[in-house]
1. Roughly how many nanometres apart are two label points built 7 Å out from the Cα toward the Cβ at residue 157 and residue 102?
2. Would you please give the residues with an amide H less than 5 Å from that of residue 48, counting only those at least 5 places away or on a separate chain, with H modeled from the backbone geometry?
3. Quick one: compute the contact order of the chain, relative version, from alpha carbon pairs under 8 angstrom and 6+ residues apart, as a percent.
4. What is the distance, in nm, between label points placed 7 Å from the Cα along the Cα-to-Cβ direction at residue 137 and at residue 19?
Amino acid sequence: MRILVVEDDRSAGELLRDALASVGWELGLSFSGDEARSRLDREAFDIVVADVDLPGMSGIDLARAAFAELHPAPNFILVSGQDRIIESVNALELGVDDCLPKPINLKRLVAIIRRIEEGRVLPPIAPAEEIRSIRAYRDDLRVRFLAWDDLLEKWMEIRVECSLRV
């Protein structure tokens, strides 16, 4: 099993690479999304464990590009900070295998990788009701953003109109 770890924090990436290599898997390490994308073009990996926040191409964009351009595409596990939960749900909808919060629970990550190796499905960390709630919250935020965007646009029109009258 070949695994590519993509982490912009060099020490965290090396620590994760060494921990997974100690389990017996063959590991590669990249420090940016662009570097990982280039490496995926040259080398075959079974699994990519990528941070969501990467310089250049994000972990989600890396997964999206791999799913679109690589056949077969590697499995993806994304790692993100707690404040990125909505993006993580979107990533799961995109087709990544799992998302883990930071700090990484190494036992959970190893279990996910073993599940991918064996073709099994682990139950999601969040119950389905919680995922539905997060999706509803995301949709509500989108509606609110569009409403604010419309108000701002109207306000700008009124400002321009008023300035033309003076």
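1. 4.3
2. Distant-sequence amide H within range of residue 48: 4, 75, 76, 77.
3. 16
4. Reported label-point gap for residue 137 and residue 19 is 2.5 nm.
Where a number appears in this text, it was derived from the coordinates with a stated rule and is not lab data. Everything quoted here is computed from the prediction, not taken from an experiment. Positions of Cβ are generated from backbone atoms using ideal geometry, with glycine treated the same way; all protein chains shown enter the neighbour counts.
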